[in-house]
1. Need the list of lysines near Lys5 for cross-linking: C-alpha distance under 22 angstrom, and skip anything on the same chain fewer than eight residues off.
2. Going 7 Å from the Cα of Asp79 in the Cα-to-Cβ direction, what parts of region 10-27 have a backbone nitrogen less than 13 Å from that spot?
3. Considering only protein heavy atoms and a 1.4 Å probe, what is the carbon-and-sulfur percentage of the accessible area of the chain?
4. Determine how many Å³ per residue the convex hull of the Cα atoms of region 47-131 encloses.
5. By the scheme Lys and Arg +1, Asp and Glu -1, what is the net charge of all other residues having a beta-carbon under 12 Å from that of Ile156?
6. Calculate, axis by axis, the spread of Cα positions in region 1-45 along the three principal axes, and write the results as whole Å, longest axis first.
7. Give me the accessible area per residue for region 60-123, probe 1.4 Å, as a whole number in Å².
8. Considering only the other residues whose Cβ falls under 11 Å of the Cβ of Ala37, what net charge follows from Lys and Arg at +1 and Asp and Glu at -1?
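The values are calculated or read from the model by the stated rules, or taken from the named source; none is laboratory data. Just so you know, these numbers come straight off a predicted model, no measurement behind them. Reconstructed Cβ throughout: ideal geometry from the backbone, glycine too, with neighbour counts over all protein chains shown. What goes into the accessible areas is simple: the full protein's heavy atoms, side chains included, and nothing from ligands, DNA or RNA. Shrake-Rupley method; radii C 1.70, N 1.55, O 1.52, S 1.80 Å.
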Amino acid sequence: MLNKKIEKALNEQVEKEGYSSALYLAMASWAEVKGMAGIASWLYVQSDEERLHMLKFIRYINERGGKAIVPALRQPGKDQSNVKKMFEEVLKHEQFISASINEIVALCVAERDYTTQHWIQWFVNEQIEEEANATKILDKLNLIGDGNLYLFDRDIMSLRAAEGADAAVAT
Ligand code: FEO
């Protein structure tokens, strides 16, 4: 059975994962309208993954005797100004999510909820990957500089395929 403090923290994380999904959905839509199909596709997949993260928290809270709260949709901020700034925001957001997950781990230790601490380890590992993926994309964008975004837009899809391969190796 979850104690109330842990339940509250997990429900707050439900909202953060839901917001991540909406944030990447907005970014995907922006990229699509701008004609960057590869970037849009990468972000649509990312948005779906975040929804799955949200679901994982919802299902876990309910399974452990808590009550998951489905949050209201918070509208992501303004339109993007350019691709590089957008991916900088992705990285910053993932670092924020990592910090939030770490706080839950710390709370689990303080509250001696070792079951949740063990369960949330999946997210600790996932965040390593999420930050690494965003960093990889930013490295590429820095290499390109003001160069050819058309090639990058095509390239980003092979990055997604490589992420899948990396994940398969890592598990
Ligand atoms: Fe669910 Fe990208 O953190």
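1. Lys16, Lys56, Lys67
2. 27
3. Details: 5450 of 9580 Å².
Answer for the chain is 57 percent, counting heavy atoms of protein chains only.
4. 108 Å³
5. Value of the local net charge: +1.
6. Extents along the principal axes: 48, 13, 7 Å.
7. 63 Å²
8. Details: positive: Lys34, Arg154; negative: Glu32, Asp153.
For residues surrounding Ala37, the net value is 0.
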